[in-house]
Amino acid sequence: MGRPLIAGNWKMHGTTESALKLATQLSHYRSQENAVEMIVFPPLVHLAVVSVALNESTVRLGAQNVSQYSDGAYTGEVSADMLLDQGCKYVLVGHSERRAAMGESNQLVAEKFKVAQDAGLMPILCVGESLEQRQQDKTLEVVAKQIDAVIELAGLSQVVQAVIAYEPVWAIGTGETATPQQAQQVHRAIRAQLGDAGRSTTLLYGGSVNTSNAAELFSQPDIDGGLVGGASLEAEKFLNIAQLVEA
Ligand code: PGA
């Protein structure tokens, strides 16, 4: 088992006003005995305002993306140090929407992972198969390859200290979730791939997590929490899901 986490990926939604409102509503969250860490991932332009709203809170801040470069003439990019400066502790790397829509390869994701971790951010490495890959029975192979690319560049001892989120592409934003058994099977394989050192690595499940399916998913032995998209945009729903990580 890893440390339990609940992460909210706000994607490219909202305004400064709505981000501030949501962050303020979540800011009072405190799990029993502080056992569960809550993290929100607002759009980059809303980080500053959310950071202020979470100032006195135990809720942590994360970014949805980071540049693979540390500094320099890279118009439009945001570096790991800039994210730290905004109060971020976490960063998503390799989200399937970036892999698919922005053409991020396993190699680029590995570079971003390493740059972020070296700078002092905690990467949440997102992995997952497409529907076609699942139908061809390639799920475990695809996920293992995505993780191997990062292990090759950053080293196993570094990867086990990060967080890994298994998010089947066909389950993201579709309302279709992996069954708890399907998710657990992949999580178990990831745990095995990480070996002994990965016994306490935090493994999250993501893909249409909601208040009705979260309890059963989170009760699986190798699922330590969730990465939630759509359902994290409403404070009440997200807080309810967070409670299910504790249960
Ligand atoms: P979803 O998104 O919960 O809306 O499916 C999850 C994610 O993309 O992290």
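The values are calculated or read from the model by the stated rules, or taken from the named source; none is laboratory data. If you're wondering where the values come from, they're calculated on a predicted model, not measured in any experiment. Positions of Cβ are generated from backbone atoms using ideal geometry, with glycine treated the same way; all protein chains shown enter the neighbour counts. To get the accessible areas, we keep the full protein, side chains included, count just its heavy atoms, and leave off ligands, DNA and RNA. Shrake-Rupley method; radii C 1.70, N 1.55, O 1.52, S 1.80 Å.
Points to keep in mind about this one:
- Counting only protein heavy atoms and a probe of 1.4 Å, the accessible surface of the chain is 49% carbon and sulfur.
- Measuring r between the beta carbons of residue 132 and residue 211 and using R0 = 25 Å, the FRET efficiency lands at 0.25.
- Normalised by the number of residues in the chain, the mean separation of alpha-carbon contacts (under 8 Å, six or more apart) gives a relative contact order of 22 percent.
- A cut-off of 5 Å between modelled amide H atoms, ignoring neighbours fewer than 5 places along the same chain, links residue 209 with 229.
- Between residue 197 and residue 153, the contour length at 0.36 nm per residue exceeds the Cα-Cα span by 14.1 nm.
- On the basis of the beta-carbon distance and an R0 of 30 Å, residue 45 and residue 161 show a calculated FRET efficiency of 0.55.
- Residue-wise HN-Hα coupling along the stretch 231-247, computed from phi with Karplus coefficients 6.51, -1.76, 1.60 (Hz; x: Gly, Pro): 6, 8, 7, 10, 3, 4, 4, 5, 5, 5, 5, 4, 4, 6, 6, 5, 5
- Sorted into 10 angstrom bins from 0, the C-alpha pair distances of the stretch 64-234 split as 10, 40, 37, 12, 1 percent.
- Probe 1.4 Å, accessible area per residue of the chain, Å²: 46
- Near the amide H of residue 91, within less than 5 Å, lie the amide hydrogens of 63, 122, 124, all on another chain or at least 5 residues away, with H placed in the peptide plane.
- Under 24 Å from residue 112, Cα to Cα: lysines that are on another chain or at least 8 residues apart: 11, 89, 145
- In plain terms, the C-alpha convex hull of the stretch 1-50 casts an average shadow of 3.9 nm² when viewed from every direction.
- Percent RCO, i.e. relative contact order, over the stretch 109-217, from Cα pairs under 8 Å lying at least 6 residues apart: 29
- Efficiency of FRET from Cβ geometry, residue 145 and residue 86, R₀ 30 Å, rounded to 0.05: 0.40
- Full extension of the chain between residue 70 and residue 34 gives 9.6 nm of extra length, using 0.36 nm per residue less the Cα-Cα distance.
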